[in-house]
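First up is the structure itself, then whatever we jot down about it.
The values are calculated or read from the model by the stated rules, or taken from the named source; none is laboratory data. Please read these numbers as outputs of a predicted model, since none were measured by experiment. Don't worry about glycine lacking a Cβ; one is built from the backbone with ideal geometry, like all the others, and counts go over all protein chains shown.
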Amino acid sequence: MGGLDLEPFILSFKLAAVVTLILFLIALPVSWWLSQTKCRCKPFIEAIVSLPIVLPPSVIGFYILYTLSYNSPVGAFFEQTFGVKLVFNFTGLVIGSCFYSFPFMVQPLQSGFESLSKNMLEASYIAGKSKLQTLLKVALPNIKPALLTAVIVTFAHTVGEFGVVLMVGGSIPGETKVASVAIYEMVEIMDYSMAHIYSAIMLVLSFSVLLGVYIFNQRYNKRIGVM
Amino acid sequence: MIDINIEKTLQGSSKDMQLSINLQIQEQEFVAISGKSGSGKTTLLRVLAGLESAKGTISVFGKRWLDGHHTLAVQKRQIGFVFQDYALFENMSVEQNLLYVAQDKELARHLLELTELSSMAQRLPARLSGGQKQRVSLCRALMKRPKLLLMDEPFSALDPSMRLKLQHDILRLHKEFATTTLFVTHDPSEIYKLAQRVVVLEDGKMIQDGSPKDVLLKTKGSQKFSLQGEILEIYKADVIYVAVVAIGQQIVEVVLDGHEAQSFIVGQGVQVSTKAFAPTLSALG
């Protein structure tokens, strides 16, 4: 077991943590707006948000690569102005993963907000509270299971992604070689025993996380009196 | 004084309806708004609260709340609102529900004492009965010491004994806080017990406005006694017919002759009245 290189796992979890944090901050206002709006453009926005679920990761990866590479205006602008490269490094992975995992953060939050009693939110407005105060003090605390689901699923989904990461990040050890990419390479060079170990670790971790979420949800629902 | 003069088009299930209300309410009046479902009662309340838009004007104790397209935000109206489904903040204890509205611990304690909820102060709403939840909702609505208290069918989800307790609490708080109170209800006994004035809506228009006695008492001319009910069954007993009529929670039988039996159908709304004999009352049980 001496040869077990944990770096791809650390990288995977670091990536997932950063992406989850960023997406939470972006998805919170988006999902709140989607849940409250009567705007006719809502289906349009929803369709865009959900695109990454149906698109092949290679398509997303390709577009991101095309948009952010040095040859594109966006990529060139960032490189010339800030001296940052946006592809084939960790930053690129974060950007790609944010696009890829966005719907997994937005959708649970949105359906959580939509399930809230409209009157409860109105009671908060009548109490003189602003939309922001209502979101933070009333809406968010009352969708804890949805919130946890959103955070965990986004995290797990980012850990488990492969296509976008490979396209945008390549496989640079310590920089962009995450666990899923590492496993792919082990299989390619027919190092099955190592692939087994890595895969088993991923399996156990993923299962434990999901089990934890469902146990929490069951307990929460019991406490709040739903079940 | 509260002066309401509003128009709003409501989209009904079958056809659009025009809500058209012109209503003046005196300070500290207790007004019941009654009428069939879909007549616009709840919408009127929600427009007053600022939860829905409307055309026209609303002025409340000298302040303009609605003037053409300019509306005062719901947050700034300083009203109390009691929802039919309580709408308590599920994540907060009873006491926190009150304090969220206004950081006034003294008032919160006082309100909970009045409504006999002091021992429940630390409970979450999920652990309360329907009647307790509605009392918390009432307390919460009074935390800003509102001049205007609006209640949307506050009793409809409660059983009779709970209703009685809540009606008692509402009357007491209405007096103590000197609120002007509007409430939506279907129940004549509630109107009679609580309200000084009742406004009846039909298809978005006000069709009656007066004291509960004038509006609710159904006897006409020489009728001594008159009740509204619905025919549940008409059956033949020997040579006569008997109609079974539901009046409120009670069932009564009324004898009909053959000709009358032909003219009524099951499900029909009817008036049961008597002229010749004065009804007598005797104590229950």
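Just a yes or no: is a residue in segment B:65-82 on the phi > 0 side of the Ramachandran plot and of a type outside the set (S, T, N, Q)? Within segment B:65-82 (the criterion being on the phi > 0 side of the Ramachandran plot and of a type outside the set (S, T, N, Q)), the answer is yes, since at least one residue qualifies.
Does residue B:51 fit the bill of being modelled with pLDDT of 95 or more and assigned by TED's automatic domain parsing to the domain that holds residue B:131? So residue B:51 fails the test.
Okay, residues lined up against (1) among the charged types (D, E, K, R); (2) farther than 17 Å from residue A:167 by Cα; (3) surrounded by 13 or more Cβ atoms within 10 Å (Cβ to Cβ); (4) free of Cβ contacts under 8 Å to residues at least 60 places away in the same chain:
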site: A:18; (1), (2), (3), (4): no, yes, yes, no
site: A:27; (1), (2), (3), (4): no, yes, yes, no
site: A:33; (1), (2), (3), (4): no, yes, yes, yes
site: A:37; (1), (2), (3), (4): no, yes, no, yes
site: A:40; (1), (2), (3), (4): yes, yes, no, yes
site: A:44; (1), (2), (3), (4): no, yes, no, yes
site: A:47; (1), (2), (3), (4): no, yes, no, yes
site: A:60; (1), (2), (3), (4): no, no, yes, no
site: A:65; (1), (2), (3), (4): no, no, yes, no
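Quick check on segment B:100-125: of everything there that is of a type in the set (A, V, I, L, M) and either within 10 Å of chain A (Cβ to nearest Cβ) or free of Cβ contacts under 8 Å to residues at least 24 places away in the same chain (or both), which residue is farthest from residue B:163 (Cα to Cα)? Here the answer is B:102. Annotation: residue B:66 fulfils all but one of (1) over 18 Å from residue B:141 (Cα atoms); (2) in contact with an Asp or Glu (Cβ under 6 Å, 6 or more places away or on another chain); the unmet one is (2). All of (1) closer than 23 Å to residue A:136 by Cα; (2) within 12 Å of another protein chain (Cβ to nearest Cβ); (3) surrounded by fewer than 21 Cβ atoms within 10 Å (Cβ to Cβ) hold for residue B:97 with one exception: (3). Scanning segment B:81-94 for residues that are in contact with a Lys or Arg (Cβ under 7 Å, 6 or more places away or on another chain) and either crowded, with 20+ Cβ neighbours inside 10 Å or at the interface with chain A (Cβ under 8 Å from one of its Cβ atoms) (or both) gives B:86, B:88, B:94. When segment A:25-50 is filtered for residues that are under 18 Å from the mean Cα position of the chain (by Cα) and either closer than 15 Å to residue A:97 by Cβ or among the basic types (Lys, Arg) (or both), the ones remaining, listed by number, are A:25, A:26, A:27. Answer yes or no: is there a residue in segment B:76-88 that is at pLDDT 90 or above, farther than 19 Å from residue B:170 by Cα and β-branched (Val, Ile, Thr). No, because not a single residue in segment B:76-88 is at pLDDT 90 or above, farther than 19 Å from residue B:170 by Cα and β-branched (Val, Ile, Thr). Restricting A:207, A:155 to those that are surrounded by fewer than 18 Cβ atoms within 10 Å (Cβ to Cβ), within 22 Å of the chain's Cα centre (by Cα) and either at pLDDT below 95 or within 14 Å of chain B (Cβ to nearest Cβ) (or both) reduces the list to A:207. Among the residues of segment A:190-204, not a single one is part of a helix (DSSP H, G or I), at pLDDT 85 or above and of a type in the set (Asp, Glu). Entry remark, segment A:131-146: residues being within 12 Å of chain B (Cβ to nearest Cβ) and in contact with a Leu (Cβ under 8 Å, 6 or more places away or on another chain) number 6 in total. From the list B:147, B:55, the lone residue that is surrounded by fewer than 20 Cβ atoms within 10 Å (Cβ to Cβ), touching a residue at least 40 places away in the same chain (Cβ under 8 Å), touching a Ser or Thr at 6+ places or on another chain (Cβ under 7 Å) and more than 11 Å from chain A (Cβ to nearest Cβ) is B:147.
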